[in-house]
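Just below is one structure, and these are the notes that go with it.
Every read-out reported here was derived from the displayed coordinates using simple, explicitly stated rules and does not represent laboratory data. Fair warning: this is a prediction, and the values are worked out from it, not measured in the lab. Here the Cβ positions follow ideal geometry from the backbone for every residue, glycine too, while neighbour counts run over all protein chains shown.
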Amino acid sequence: MFIQEKPRNTEVFGNYDVCVCGAGPAGVAAALSAARNGAKCCLLESTGCLGGIWTSGLLAWFLDYKQKGGIMKELLDKLEERDARGRNPSGTYNHAADVEELKLLLEDMCLEAGVDIHLHTRVVAADMDGRIICHAIVENPSGRLAFGAKTFIDCTGNGDFGVQAGNRYDYAERGTGRVQPMSFTGMLTGLHLQDMEPFMRPTDRVAEVSWHEPKIRFRAVMEAGGHSPSYANPTLMPVREDLFLIQTNHEYGFCGFKETDVTKATLEGRRELMKITQALRSQGGVWKNVRLVATPEQIGVREGRRLTGRYMISDDDIRNGASFEDAVCHVNFGVDVHAPSKEEGKGVVQQAWHSKPYDIPMRSMQAADVDNLLMAGRCISGDFLAHSSYRVTGNAVAMGEGAGYFAATGKILPPQIITPAP
Ligand SMILES: Cc1cc2nc3c(=O)[nH]c(=O)nc-3n(C[C@H](O)[C@H](O)[C@H](O)COP(=O)(O)OP(=O)(O)OC[C@H]3O[C@@H](n4cnc5c(N)ncnc54)[C@H](O)[C@@H]3O)c2cc1C
């Protein structure tokens, strides 16, 4: 059953050169890059903070960032200045960041660059003139408003705005319909870094410490406490001496852009995380004071829509290490498919082959069906396996930086590659 809504007048809030929809790692980088290159830029975000999966998703753990220069390197440098990067037991930096410090840093950087930030602002429709978007229509505490721009960048993760503008998209694995599970993360305290060494893999000891063994030990404690986790390879990520991010949940068979699925997965995930915390605490010893101190506002959605671009990155491209003249990001991270169903083992699916480092071309970030729409982050154009590799946040930032630069200047920003410090 449907109802017909009455036509209404929608106030135009403002007109911009560039309008970025979604302020996750890709969206923040896109807005910074556009604004720093002379564009009048607005950044529209549905939650109450910038950062996406890093902040409202409570998973501030950077991957594929070490060889990235540009905004990714700047972010890490600024986090270090604020003593806001996570550390290994030896004192070296790991892949984590302090979530609250990161929220503030992203806000500071955007404000300094002159980005017009709008929180609690959900993009709900596109006002079109043929293949051109004239306005992004939003709903926020002020009501329903329109934001005009010459160029729009969809950084919503799920490709919400591209679909609203009528662009085609892919979802799931072609042929099989397999989709990676969502995951509900959390933040634990009441533990001490040195005590946790057996249950984690310090990022400065990856050559000596196996990937599996700490996870098996961590899972065994949960199981001894009476709960077998839905993700069989639970991960403990130290942020501070007594503050840890935990990833131990898989929500199978749900769609990340269907509200009833997202709600059900969120309710199940939060419940499981509390059970796991109680199971750990029941084991006493180093676990006796463990508490769940925060859960995310937004469950982690690995796979949403992949908007169809002028080029689609394929599994052949990543297998062969493709390079492109219009490259904006160089990916080092491999294929990473979390088990789409419990029957596939509740862990990570092993592939028969490894990808080689490859490029992301600007064309895969240019919408196929809409002339003034770019996309960056996990909603760009690629197939199931390629997406499982390029989606991590180091790449999302580089893509966003490239998209923002292109929107502001019409030029390609080649991958910003550095040699990481040892
Ligand atoms: C459980 C899980 C674990 C992961 N682990 C890691 C990891 O350890 N390290 C790593 O680097 N990567 C990891 N990834 C991958 C990575 O987090 C994502 O692919 C990455 O977040 C992509 O960045 P993004 O900016 O495209 O999307 P997101 O981070 O999802 O940001 C999208 C933003 O858009 C906003 N938004 C959505 N819809 C609208 C709308 N209609 N209007 C306005 N705003 C909207 C959202 O609120 C959000 O802020 C993980 C992903 C998941 C789900």
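What the table shows:
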read-out	value
Residue in segment 332-355 that is under 30 Å from Asp129 (Cβ atoms), in contact with a Lys or Arg (Cβ under 9 Å, 6 or more places away or on another chain) and within 16 Å of the ligand (Cβ to nearest atom) present	no
Some residue of segment 394-416 being of a type in the set (Phe, Trp, Tyr) and over 24 Å from Phe152 (Cβ atoms)	no
Number of positions in segment 25-50 that are in a loop (DSSP other than H, G, I, E, B) and either near the ligand (Cβ under 7 Å from one of its atoms) or over 27 Å from Ser142 (Cβ atoms) (or both)	5
Selection count, segment 380-400, where residues are outside any loop (DSSP other than H, G, I, E, B) and either out of contact with any helix residue (DSSP H, G or I) (no Cβ under 8 Å at 6 or more places or on another chain) or closer than 18 Å to Gly309 by Cα (or both)	13
All strands (runs of 3 or more DSSP E) inside segment 124-197 with 3 or more residues being farther than 30 Å from Lys342 by Cα	132-140, 143-154
Whichever residue in segment 382-422 is within 13 Å of the ligand (Cβ to nearest atom) and either free of Cβ contacts under 8 Å to residues at least 24 places away in the same chain or polar (S, T, N, Q) (or both) and, among such residues, is surrounded by the fewest Cβ atoms within 10 Å (Cβ to Cβ)	Ser389
Thr260 under 23 Å from the mean Cα position of the chain (by Cα), closer than 30 Å to Cys155 by Cα, more than 14 Å from the ligand (Cβ to nearest atom) and free of Cβ contacts under 8 Å to residues at least 60 places away in the same chain	yes
Conditions (1) more than 23 Å from Thr92 (Cβ to Cβ); (2) within 20 Å of the chain's Cα centre (by Cα); (3) without any contact (Cβ under 8 Å) to a residue 40 or more places away in the chain; number of the one not met by Tyr231	(3)
Inter-residue pairs, beta-carbon under 8 Å, first over 14 Å from Ala96 (Cβ atoms) and in segment 49-61, second more than 7 Å from the ligand (Cβ to nearest atom) and small (Gly, Ala, Ser), 6+ apart	Ser56/Gly48
Options Arg271, Arg205: the member that is more than 16 Å from the ligand (Cβ to nearest atom) and more than 25 Å from the chain's Cα centre (by Cα)	Arg205
Residues located in segment 248-293, provided they are touching a strand residue (DSSP E or B) at 6+ places or on another chain (Cβ under 7 Å) and surrounded by fewer than 16 Cβ atoms within 10 Å (Cβ to Cβ)	Met274, Arg291, Val293
Every residue from segment 342-381 that is of a type in the set (S, T, N, Q), buried (at least 24 other Cβ atoms within 10 Å of the Cβ) and under 12 Å from Ala403 (Cβ atoms)	Ser364
Some residue of segment 74-88 being within 29 Å of Leu373 (Cβ to Cβ) and either over 17 Å from the mean Cα position of the chain (by Cα) or within 10 Å of the ligand (Cβ to nearest atom) (or both)	yes
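For every residue, the table says whether it meets (1) closer than 30 Å to Leu188 by Cα; (2) among the acidic types (Asp, Glu); (3) assigned to a helix (DSSP H, G or I).
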position: Tyr311; (1), (2), (3): no, no, no
position: Asp317; (1), (2), (3): no, yes, yes
position: Ala322; (1), (2), (3): no, no, no
position: Arg378; (1), (2), (3): yes, no, no
